[in-house]
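The values are calculated or read from the model by the stated rules, or taken from the named source; none is laboratory data. Note that the structure is a prediction, hence the values are computed from the model and not measured. Reconstructed Cβ throughout: ideal geometry from the backbone, glycine too, with neighbour counts over all protein chains shown.
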Amino acid sequence: MPPTMPTRDHQLEIVLRHLWRGLLLIAMLIAAPSWAAQERKVLVLYSLGSDSASAWQGLVQKGLTAELARRDLTSALGIFEERFDAVRVGDQQALASMEPYLRAKYAGIKFDAIITESYVAGRFLSDRPELFPGAQRHYVNYDRMGWAPTDGKGYLVQADFGRTIGIVPRVAPKVRKVVVIGDGTERMQESLAAVRKAADQYRRELAFEYWDNLSYAEMYSQAAQLRPGSAIFLLPTYHDRTGERRRPVDIARKLAATTQVPIFTNWAAVVVPGVAGGYVVSAERIGRAIADILMQRQPDIGGIPGYLFDHGAIQRFHLQNIPPTAQILNRPQSIFRQYLWQILAGGALIVVEGILISALVVSLRSRRQTLCALHDERNQLEERVLQRTLELSAANTKLEQLATTDPLTGIGNRRRMTEQINKELERSRRFRHPLSLLMVDIDHFKNVNDLHGHEAGDRAIVAVSRALASGMRSIDMASRFGGEEFVLLMPETDIDVASSAAERLRADVAALRIAGDKGDEITLTISIGVAASYPDAASPDSASSLLSRADKALYQAKHAGRDRVVSC
Ligand SMILES: Nc1nc2c(ncn2[C@@H]2O[C@H](COP(=O)(O)OP(=O)(O)OP(=O)(O)O)[C@@H](O)[C@H]2O)c(=O)[nH]1
């Protein structure tokens, strides 16, 4: 049939339904805190014990506390809980002393409501209408299909054995035989009857065998012999044929370790690692339903059963077609999920370290660049300073040279000669050598200037200076001491050698022929006064005393007629 468009009435209905849900939600949100504020007093009666021996009770409690925590009611003072511990001590023993105990304990408390967790507690309350008068009664029941209370509100969790059996051929299509494990108790037989009825519709594809009258030893031994193609459907049994009592969860564990075939069940608490699972009643959801009743909300009883499977068993028995709504237990976490926080923390650390290292690298690089720039700058500066120093030194040398050089002849001037005389006197004293000094003066030079002009006079002075300089040893020194006057210094030379040298020089100058301006030739003569200083003399010479003695000798040479050498 083709889909039809919603009518106007239908649309209105949808809007009203949404509006109603919204109002209900607001009312519930307001109700939760007001419940706590008014502090209703509610007694929850459990059929089961509260210790670790009861896996089922543990899960119910988990669901209840989780739901209360979600509603922020964990610390509400008005919630009371009592337990019959029916499984461990037996129904009758559990019931026997509960009434006087409750009457005595809660004599001063008026409960607003009593909630029973399952049949034993429910039957106890239902059989005692005078207990806790005025309290509303809520009966949660998931194990006795044939019983319904008349004095309060019943919440029957429908055990759907059709679905619990129907899931077997769906997930394990090769299974041909299902072994149903139960016990001989009245309650179990009631359940087994329902299972038989449900199994009827699968009798063409599955053969059923019922193990409800075996000892535990027989059960495990037979289970070990089951071959692939079979499956076990384990009901929550607490007894064997001999009356021995064991918890369903322990039986399930032992069976899972013993048999080679998948184990299905209708109880969430039995789905331990190795048990396949199935369509089960969830104890945790029963706990949440009790919490809802406690808070005066409508519990989701229909949502209590659901598909639940063990991941390991799915793998081991290659189960397929698992319903998508199924809850999968013991699924191994991926390495990523397992170490998510460590990975995130490690990643964050790496990022932070990366940022720090980058900052450090940037800072180091910029520091290095700054240092390089500084280094370059310093090098350039040092180079410039060196250059300037060299230039200055060269300039100083030049200045010094200029200051001590005669510009006309290029030989040393009076200043340089005076310094040199002092140095050589010092050396002469230290090395005990004689030192001779020659004072040379061109004769009648005024006439040269007058006759040939000043420029020719200059050329004559230069010619004499060269003749003197080239006529001496390399360790001797010539200087122009004044206008046409020269002083020659001869280290390590005594008066006789100096006089001979002077004679030779005088002859050299006399041999000079200097070109005049008019094509004529100029000839010159010189007069020389020689003086010598001896280190072991009675009174050691100074520069001026040595010069003075040579000057006197020169004066004598001039006075004696010029063009001659006089020693003293
Ligand atoms: N052309 C030239 N003449 C100079 C220079 N220096 C000094 N004279 C001249 O040298 C002459 C020196 O003359 P005097 O001191 O009288 O001595 P003289 O004429 O040489 O006579 P005696 O020394 O007594 O033989 C002067 O006329 C100076 O002008 C110079 O650099 N160039």
Check: Just for the stretch 382-433: of the residues that are among the basic types (Lys, Arg) and either under 17 Å from Val487 (Cβ atoms) or within 60 Å of the chain's Cα centre (by Cα) (or both), which one is farthest from the ligand (Cβ to nearest atom)?
Finding: Arg384
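Can you find, within the stretch 434-455, the residue that is nearest to Arg564 (Cα to Cα) among those that are near the ligand (Cβ under 10 Å from one of its atoms) and β-branched (Val, Ile, Thr)?
If we filter the stretch 434-455 for residues that are near the ligand (Cβ under 10 Å from one of its atoms), which is where we start, we get 441-450, 452-455.
So of that shortlist, the ones also β-branched (Val, Ile, Thr) come out as 442, 448.
Values: Ile442: 11, Val448: 19 Å.
Checked the stretch 434-455; the qualifying residue nearest to Arg564 (Cα to Cα) is Ile442.
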Check: Across the stretch 513-532, what is the number of residues that are within 21 Å of Leu468 (Cα to Cα) and of a type outside the set (Val, Ile, Thr)?
Finding: 9
Notebook entry, point to check: Within the stretch 467-496, can you find the residues that are assigned to a helix (DSSP H, G or I) and either surrounded by 15 or more Cβ atoms within 10 Å (Cβ to Cβ) or of a type in the set (Gly, Ala, Ser) (or both)?
Noted result: Ala467, Leu468, Ala469, Ser470, Ile495
Item checked: Residues located in the stretch 458-476, provided they are out of contact with any strand residue (DSSP E or B) (no Cβ under 9 Å at 6 or more places or on another chain) and near the ligand (Cβ under 9 Å from one of its atoms) -> Asp458
Notebook entry, point to check: Quick one: would you say Tyr555 is surrounded by fewer than 21 Cβ atoms within 10 Å (Cβ to Cβ), aromatic (Phe, Trp, Tyr) and within 16 Å of the ligand (Cβ to nearest atom)?
Noted result: yes
Notebook entry, point to check: Do we find that Asp112 is among the acidic types (Asp, Glu) and touching a Lys or Arg at 6+ places or on another chain (Cβ under 6 Å) in this structure?
Noted result: yes
Item checked: Set Ala94, Ala53, Ala113, Ala27: member being at pLDDT 70 or above and either under 29 Å from Pro248 (Cα atoms) or exposed (fewer than 12 other Cβ atoms within 10 Å of the Cβ) (or both) -> Ala94
Check: With respect to Phe233, is the statement that it is in contact with a strand residue (DSSP E or B) (Cβ under 9 Å, 6 or more places away or on another chain), outside any helix (DSSP H, G or I) and surrounded by fewer than 20 Cβ atoms within 10 Å (Cβ to Cβ) true?
Finding: no
